[in-house]
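Read through the structure below, which is laid out as structure tokens, and then see the notes.
The values are calculated or read from the model by the stated rules, or taken from the named source; none is laboratory data. This is a predicted model, so every value here is computed, not measured. No Cβ is skipped: glycine too gets one built from the backbone with ideal geometry, and neighbour counts run over all protein chains shown.
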Amino acid sequence: MAKQPDKKETFSAVEKEAMKARAAELRAEKAKAAKADPAGAFHEAVEALAEPERSMAKRLDALVRGAAPALQQKTFYGMPAWARPDKAGKVVCFFQSAAKFKVRYSTFGFQEAAALDEGTFWPTAYALTKLTPAVEARIRALVEQAARA
């Protein structure tokens, strides 16, 4: 007989891991230690991804940095992300691994700093299974718009 889930348990092990990673990121940011290297953490997070997501994250990095060179690499809940240094390092966009969360597709998402507002209803994350030229063009346009905010 399967064990009944504990009703007090509201977060999965993966979600708890992501929250711990985010707490560590915040501690590192607040410490402002000379050793703090957000780009290094970014590259470690990318290299930790399994293929094909590692290649996808590297391609996304090239797209984001090409579309918005002012955005800086960092991690966000342990995921590769890009932030605005002029807005206290607020994350603009991020890549979420499907494998890490055991879901069907990866996502490329935007945070509030992106201000992609369109009326009263708009998407903040996109399912991503493959980077095609059309998908890359759409991501580039969204990042350019988000970086202007």
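Filter the stretch 86-97 down to the residues that are surrounded by 13 or more Cβ atoms within 10 Å (Cβ to Cβ) and either out of contact with any strand residue (DSSP E or B) (no Cβ under 7 Å at 6 or more places or on another chain) or farther than 15 Å from GLU15 by Cβ (or both) and list them by number.
GLY89, LYS90, VAL91, VAL92, CYS93, PHE94, PHE95
Restrict the check to the stretch 53-76 and report whether at least one residue is over 23 Å from ALA141 (Cα atoms), out of contact with any Cys (no Cβ under 9 Å at 6 or more places or on another chain) and in contact (Cβ under 8 Å) with a residue 40 or more places away in the chain.
No, the conditions are met nowhere in the stretch 53-76.
I need a count of the residues in the stretch 106-130 that are part of a loop (DSSP other than H, G, I, E, B) and either aromatic (Phe, Trp, Tyr) or out of contact with any strand residue (DSSP E or B) (no Cβ under 6 Å at 6 or more places or on another chain) (or both).
Final tally of qualifying residues: 10.
When both residues are 6+ apart or on different chains and their Cβ atoms are under 7 Å apart, which pairs have a first residue that lies in the stretch 109-134 and is farther than 21 Å from MET56 by Cβ and modelled with pLDDT of 95 or more, and a second that is basic (Lys, Arg) and surrounded by 12 or more Cβ atoms within 10 Å (Cβ to Cβ)?
From the stretch 109-134, no pairs qualify.
Out of ALA50, ALA81, ALA45, ALA39, which single residue is closer than 20 Å to ARG27 by Cα and either part of a loop (DSSP other than H, G, I, E, B) or in contact with a Gly (Cβ under 8 Å, 6 or more places away or on another chain) (or both)?
Exactly one of ALA50, ALA81, ALA45, ALA39 is closer than 20 Å to ARG27 by Cα and either part of a loop (DSSP other than H, G, I, E, B) or in contact with a Gly (Cβ under 8 Å, 6 or more places away or on another chain) (or both), namely ALA45.
May I ask you to say which residue of PHE94, PHE101 is of a type in the set (Phe, Trp, Tyr) and in contact (Cβ under 8 Å) with a residue 60 or more places away in the chain?
Details: PHE94 fails: in contact (Cβ under 8 Å) with a residue 60 or more places away in the chain.
None of the others qualify; the one that does is PHE101.
Can you go through VAL64, VAL103 and tell me which one is β-branched (Val, Ile, Thr) and part of a helix (DSSP H, G or I)?
Values: VAL103 fails: part of a helix (DSSP H, G or I).
Just one listed residue meets the conditions, VAL64.
Among the residues of the stretch 53-76, count how many are β-branched (Val, Ile, Thr) and more than 21 Å from ARG22 (Cα to Cα).
1
Might you let me know whether the stretch 74-85 holds any residue that is surrounded by fewer than 15 Cβ atoms within 10 Å (Cβ to Cβ) and either of a type outside the set (A, V, I, L, M) or modelled with pLDDT under 95 (or both)? Don't jump to the end; show me each part of the working.
Looking only at the stretch 74-85, we keep the residues that are surrounded by fewer than 15 Cβ atoms within 10 Å (Cβ to Cβ), and these are 85.
Filter once more, keeping what is either of a type outside the set (A, V, I, L, M) or modelled with pLDDT under 95 (or both): 85.
Within the stretch 74-85 (the criterion being surrounded by fewer than 15 Cβ atoms within 10 Å (Cβ to Cβ) and either of a type outside the set (A, V, I, L, M) or modelled with pLDDT under 95 (or both)), the answer is yes, since at least one residue qualifies.
Being modelled with pLDDT of 95 or more, farther than 18 Å from TYR105 by Cα and out of contact with any Pro (no Cβ under 7 Å at 6 or more places or on another chain) narrows it down to one of GLU53, GLU17, GLU47, GLU29, so name that one.
GLU47
Go through the stretch 132-149 and report how many residues are outside any helix (DSSP H, G or I) and either under 15 Å from the mean Cα position of the chain (by Cα) or within 18 Å of TRP82 (Cα to Cα) (or both).
1
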